[in-house]
């Protein structure tokens, strides 16, 4: 396991061993059954290439009206609780007593990506965002607190965890592409990214 710090992003390479990764996938199965993946739309009307769902008190959502957190899945059911093994990672790496209120799950298929963006729909930016990578490698790009300028990229592999706090909390970041089927964790390939957030 190696800990890197790039542009304020705290990157824990190999933080989760393979048995732990498999246990997390098992813990996510009931979440995906209770709150199925959906394809969010963006303000311009297009569809994001990632599919997503959430667990916790709130779920992140996007449609033509903009980005926000909502209390229920788009189909109306309450979001399931965040699985305890995932909450445990938050506490281990942040040392905070405060519980995360949302675990956003993004699923990247073969051609999915995520453009540079800020996580800024939360009420208090003093709390970090903790990001867990499972499955295929993803090319993670880190930018600045304003659009434009030089960026830096690093491949994130299954079991890597990134803590975005302090100077990196409002930095632009995204995923340019994945190495499809570079991991055997997900039988059908693809990448799962979990991001833990305090919303209120």
* Filtered residue count, region 1-58, keeping only those that are closer than 21 Å to residue 113 by Cβ and more than 17 Å from the chain's Cα centre (by Cα) -> 9
* Is region 70-78 home to any residue that is under 15 Å from the mean Cα position of the chain (by Cα) and outside any strand (DSSP E or B)? -> no
* Considering each residue of region 153-170, count those that are on the phi < 0 side of the Ramachandran plot and in a loop (DSSP other than H, G, I, E, B), and give that number. => 6
* Asked: Across region 136-152, which residue is surrounded by the fewest Cβ atoms within 10 Å (Cβ to Cβ) among those that are assigned to a loop (DSSP other than H, G, I, E, B) and in contact with a strand residue (DSSP E or B) (Cβ under 8 Å, 6 or more places away or on another chain)?
  -> 147
* Which residue, of 90, 60, is buried (at least 19 other Cβ atoms within 10 Å of the Cβ), part of a strand (DSSP E or B) and touching a strand residue (DSSP E or B) at 6+ places or on another chain (Cβ under 8 Å)? -> 60
* Matching residues in region 103-135 - criterion: being over 17 Å from residue 54 (Cβ atoms) and assigned to a strand (DSSP E or B) -> 115, 116, 133, 135
* Asked: Just checking, how many residues over region 1-49 are within 30 Å of residue 75 (Cβ to Cβ), in contact with a strand residue (DSSP E or B) (Cβ under 6 Å, 6 or more places away or on another chain), modelled with pLDDT of 95 or more and in a loop (DSSP other than H, G, I, E, B)?
  -> 2
* To do: Determine if region 171-193 includes at least one residue that is surrounded by fewer than 16 Cβ atoms within 10 Å (Cβ to Cβ), part of a strand (DSSP E or B), within 15 Å of the chain's Cα centre (by Cα) and at pLDDT below 95.
  => no
* List, please: which pairs have Cβ atoms under 8 Å, are six or more places apart or on different chains, and start with a residue in region 28-44 that is within 11 Å of residue 80 (Cβ to Cβ) and end with one that is surrounded by 15 or more Cβ atoms within 10 Å (Cβ to Cβ) and at pLDDT below 95? -> none
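The values are calculated or read from the model by the stated rules, or taken from the named source; none is laboratory data. Bear in mind the structure is a predicted one, so any value in this text is a computation, not a measurement. Backbone-built Cβ (ideal geometry, glycine too); neighbour counts: all protein chains shown.
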